[in-house]
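Participant: Sharing a structure with you now.
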């Protein structure tokens, strides 16, 4: 079944490192994922509360 899988990833990042982490994730990491064989797309979800939770979902073949 093509395109039916997904890969969730949770990351705990110190508040002081959050800007660098988000720049890395959006400018490098997601680009690397979608250029990897089998990955079709990426999405980033963020929960905004007293803590930051970033979830990346990559669509796979």
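Participant: Taking the stretch 36-54 as the search range and keeping residues that are modelled with pLDDT of 65 or more and outside any strand (DSSP E or B), which one is nearest to the chain's Cα centre (by Cα)?
Facilitator: Residue satisfying both the conditions and the ranking: 36.
Participant: Looking only at the stretch 12-30, count how many residues are surrounded by 12 or more Cβ atoms within 10 Å (Cβ to Cβ) and touching a strand residue (DSSP E or B) at 6+ places or on another chain (Cβ under 9 Å).
Facilitator: Here the count works out to 8.
The values are calculated or read from the model by the stated rules, or taken from the named source; none is laboratory data. In this text, all values refer to a predicted model and were calculated from it rather than measured experimentally. Reconstructed Cβ throughout: ideal geometry from the backbone, glycine too, with neighbour counts over all protein chains shown.
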